[in-house]
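Peer 1: Quick one: structure below, then a few questions.
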Amino acid sequence: NIIRGLTSFYHSVFYIDLVEQTFQSYNWLKDLSARMGQRNDYHELIRTCAQSFIRKEDQAAFMKNLSAEEISRRIRSGETIYSVEFQRDYGGFYGWMRIHIILAESRNGVPEKIIMASHSVEEEKEQEEQNRKALRAAYETAQNANEAKSNFLAQMSHDIRTPMNAIMGMASIAST
């Protein structure tokens with residue numbers, strides 16, 4: 001029921017047996033379902049996803065990070081819940097996808113079953129980019145203001161120093 005509940009938030013949800021290296025799908029995109037058919041081999045799922053949907057430059061990293069061995073290694077090192085991000089082809093454009101890995105069952109410290117759920121985070125990435133641009137613009141504005149302040153103070157110092165030197169010189173002559 002918990003896994004089924006996740007399907008309302010994620011476009012793909014899988015229950016994966018790391019020992020048998022098989023999976024059970026609870027929700028997945030139709031294009032992936034059509035490519036996999038009735039197969040339930042986890043390695044085949046990751047290979048099919050990589051070749052069909054992940055940017056060419058990221059395919060090797062995708063397959064490595066989502067291999068049963070790498071997931072087991074990370075979970076054994078203490079990462080019982082973690083996520084990875086990749087760019088996925090969403091029908092003509094590459095958008096960001098986040099895949100969550102959650103330990104479901106382990107025996108004697110060895111991870112046996114996980115839940116893997118993925119969803120698009122394109123809106124979050126766009127918001128991050130907008131925030132980054134706004135921060136950069138604010139930084140540049142602050143730099144320009146600081147430079148203007150420094151120029152103003154340098155000019156004012158010069159404008160005050162010149163007449164003061166004349167006054168000091170005249171005072172010195174008058175005192176003799």
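The values are calculated or read from the model by the stated rules, or taken from the named source; none is laboratory data. It should be emphasised that the depicted structure is a prediction, and the values quoted were computed from it without experimental measurement. We place every Cβ from the backbone using ideal geometry, glycine too, and count neighbours over all the protein chains shown. Side chains are part of the model used for accessible areas, which takes the heavy atoms of the whole protein and leaves out ligands, DNA and RNA. Shrake-Rupley method; radii C 1.70, N 1.55, O 1.52, S 1.80 Å.
Peer 1: Is it the case that some residue within the stretch 110-124 is among the acidic types (Asp, Glu), in contact with a strand residue (DSSP E or B) (Cβ under 8 Å, 6 or more places away or on another chain) and open to solvent by less than 50 Å² (accessible area, probe 1.4 Å)?
Peer 2: Yes, the stretch 110-124 has at least one match.
Peer 1: Of 59, 51, which residue is under 16 Å from residue 99 (Cα atoms) and either touching a residue at least 40 places away in the same chain (Cβ under 8 Å) or open to solvent by 20 Å² or more (accessible area, probe 1.4 Å) (or both)?
Peer 2: Going through 59, 51 in turn, just one is under 16 Å from residue 99 (Cα atoms) and either touching a residue at least 40 places away in the same chain (Cβ under 8 Å) or open to solvent by 20 Å² or more (accessible area, probe 1.4 Å) (or both): 59.
Peer 1: Further question on the same structure: Could you tell me whether any residue of the stretch 151-158 is more than 21 Å from the chain's Cα centre (by Cα) and surrounded by fewer than 10 Cβ atoms within 10 Å (Cβ to Cβ)?
Peer 2: Yes, there is a match, as at least one residue in the stretch 151-158 is more than 21 Å from the chain's Cα centre (by Cα) and surrounded by fewer than 10 Cβ atoms within 10 Å (Cβ to Cβ).
Peer 1: Within the stretch 23-137, which helices (runs of 4 or more DSSP H) (wholly inside it) include 1 or more residues that are out of contact with any His (no Cβ under 8 Å at 6 or more places or on another chain) and at pLDDT below 90?
Peer 2: In the stretch 23-137, 30-36, 42-53 are the helices (runs of 4 or more DSSP H) which contain 1 or more residues that are out of contact with any His (no Cβ under 8 Å at 6 or more places or on another chain) and at pLDDT below 90.
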